[in-house]
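Taking it in order: structure first as structure tokens, then the write-up.
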Amino acid sequence: MSELFKFFVKSKKSRAFAPLKKTLEQKRKDLLAEFKEKHEQPVKWLEDKGLDIEEIAKKGSKSLAASAFVGAVLLGSGATADSKPTPAQGKVLQGSEEKIKEVVKVRKDPTPEVKRSLSKYLPRDVRSLSRDEERKIDRSLSEAFGFRVATELSDHRLNTSYGTIAIESHLTRYPGETLSEHFSSPHEAAIFGRFGMAGGPGAFGYMAPTRRALSQEAIQREKYYVAIQTFLIPGWSWQPNTAAWYKHHKVIVIDPRTGKSVVGSIAESGPEKNTGRAFGGSPELMYSLGLGADDAALILFVDDPKDDIRLGPV
Amino acid sequence: MFDIKFLNIEKIREELLLLELLEEEQVELFGDIAQAFNQKMINVIFDELIEEERKQFLEKFQSGNIGEVIEFIRVYPGLEEKIQGEAQNFEDEMILEIKKVAVQNL
């Protein structure tokens with residue numbers, strides 16, 4: 001091929017460029033719209049500070065374009081391009097990490113301490129705990145987690161705190177929701193889709209009246225929901241005062257074998273007594289703990305009056 | 001920002017190269033991919049955080065300090081794994097889009 005011919009070929013824009021650019025721009029717009037719809041508060045907070053989420057997402061994008069450029073140069077010179085940070089980027093990273101250690105408080109993983117406490121205080125056979133066992137467990141686990149957890153809170157207690165747990169199906173979060181609308185990504189759908197969806201809301205009602213009204217908090221509540229046997233709780237009643245206390249009350253679900261724990265939200269009544277199981281957990285909650293059906297779990301109330309503790313794996 | 005750590009740039013570049021794009025076109029498209037990827041990752045991270053943490057995260061992100069952002073992700077329980085899964089989905093989706101365009105241009 002002559003140099004002149006090469007020049008003309010190289011000057012011609014690729015036919016692939018325009019449609020690909022259009023697709024990418026649409027993708028970005030869709031993601032931005034999804035963000036703005038879901039997260040009104042942070043968007044407003046940013047606006048108050050004179051910032052725009054779109055600009056923020058654009059800000060970091062120079063690195064990839066720069067990498068592409070560096071890559072093109074390297075390929076042109078016959079060298080192998082590497083997607084790892086360049087020495088300059090590495091230096092920035094290293095410097096930042098030193099700075100971060102001062103400002104980011106690393107969370108201590110409570111799992112080993114929880115496991116140690118439970119091996120000491122939890123009975124080997126799965127049964128209801130004595131008051132003395134409960135007191136010891138409440139105290140040691142509250143210390144391990146750094147927030148108060150209790151088998152009894154505000155005069156409320158479950159029929160049992162220690163028992164076997166069932167894997168529940170997903171709850172319908174708002175009227176008319178289908179399984180295909182339930183997941184935030186194909187990845188989630190691939191893992192959790194097989195557990196199906198209950199034909200209606202949990203015993204405490206829908207998480208939101210409509211799809212549009214579904215908040216991030218409501219999504220998390222369903223994602224990490226817990227079923228308790230309300231009908232076996234002494235003195236239980238669906239009277240507003242009692243039911244309102246339990247509705248979406250945070251509980252901590254612990255796998256005593258591993259010490260792993262997840263903060264969940266009470267959203268369903270069950271399982272039936274004749275199943276022999278004491279609690280139920282959402283597919284996501286059970287997956288996070290690595291629990292299977294009929295494994296034992298310990299459940300305690302979380303004392304979180306200011307709503308500071310996030311739902312999900314601890 | 002996120003692309004340095006979480007996105008397999010080489011894999012996407014290989015696909016783009018098959019489209020015989022000019023260097024400037026590659027760079028422009030990589031910029032678009034990065035913007036979409038950053039937005040996607042912000043969405044994913046926001047789904048995991050509570051309100052106060054979201055503000056903390058945005059402050060770190062908008063400061064442009066990648067080290068702080070990565071450290072935030074690293075220390076937050078389960079976040080890095082979640083991002084890696086979503087980054088893989090994004091990568092697969094991008095490659096599929098590039099392949100679609102390639103087929104259209106045959």
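Of all the listed residues (A:Val104, A:Val73), the sole one being more than 31 Å from the chain's Cα centre (by Cα) and at pLDDT below 50 is A:Val73.
Here B:Arg54 meets the list (1) surrounded by fewer than 24 Cβ atoms within 10 Å (Cβ to Cβ); (2) more than 7 Å from chain A (Cβ to nearest Cβ) almost entirely, failing just condition (2).
At least 2 residues being under 18 Å from A:Glu168 (Cβ atoms) and either more than 14 Å from chain B (Cβ to nearest Cβ) or out of contact with any strand residue (DSSP E or B) (no Cβ under 6 Å at 6 or more places or on another chain) (or both) is the threshold, and among the helices (runs of 4 or more DSSP H) wholly inside region A:200-314 those reaching it are A:216-223, A:283-289. The residue that is nearest to B:Phe61 (Cα to Cα), counting only those in region A:34-55 that are in contact with a Phe, Trp or Tyr (Cβ under 8 Å, 6 or more places away or on another chain) and not β-branched (Val, Ile, Thr), is A:Pro42.
On the stretch given as region B:60-79, residues that are more than 7 Å from chain A (Cβ to nearest Cβ) and surrounded by fewer than 16 Cβ atoms within 10 Å (Cβ to Cβ) total 2.
Summed over region A:126-185, residues that are touching a residue at least 40 places away in the same chain (Cβ under 8 Å), hydroxyl-bearing (Ser, Thr, Tyr) and assigned to a loop (DSSP other than H, G, I, E, B) total 6.
Filtering region A:6-42 to residues that are part of a helix (DSSP H, G or I), modelled with pLDDT under 85 and crowded, with 17+ Cβ neighbours inside 10 Å leaves A:Lys38, A:Pro42. From the list A:Thr258, A:Thr242, the one residue that fits, being within 25 Å of A:Thr160 (Cβ to Cβ), among the β-branched types (Val, Ile, Thr), surrounded by fewer than 20 Cβ atoms within 10 Å (Cβ to Cβ) and under 20 Å from the mean Cα position of the chain (by Cα), is A:Thr258. For region B:28-51, the set of residues classified as facing chain A (nearest Cβ under 7 Å) and crowded, with 24+ Cβ neighbours inside 10 Å consists of B:Leu29, B:Phe30, B:Ile33, B:Ala34, B:Gln35, B:Ala36, B:Asn38, B:Gln39, B:Lys40, B:Ile42, listed by residue number. Anything in region B:86-104 that is within 8 Å of another protein chain (Cβ to nearest Cβ), surrounded by 18 or more Cβ atoms within 10 Å (Cβ to Cβ) and in contact (Cβ under 8 Å) with a residue 60 or more places away in the chain? List them, or say none. Correct list: B:Ile98, B:Val101. The sole residue among B:Phe61, B:Phe72 that is modelled with pLDDT of 80 or more and either over 25 Å from A:Ala16 (Cα atoms) or assigned to a helix (DSSP H, G or I) (or both) is B:Phe72.
Residue selection: A:Thr164 satisfies the criterion of being of a type in the set (Val, Ile, Thr) and surrounded by 12 or more Cβ atoms within 10 Å (Cβ to Cβ). Which of the residues spanning region B:1-57 are in a loop (DSSP other than H, G, I, E, B), touching a residue at least 40 places away in the same chain (Cβ under 8 Å) and closer than 18 Å to B:Ile98 by Cα? Across region B:1-57, the qualifying residues are B:Leu7, B:Asn8, B:Leu18, B:Leu19.
The values are calculated or read from the model by the stated rules, or taken from the named source; none is laboratory data. As the structure is a prediction and not an experimental result, all values here were calculated from the model. All Cβ positions, glycine included, derive from the backbone under ideal geometry; neighbour counts span all protein chains shown.
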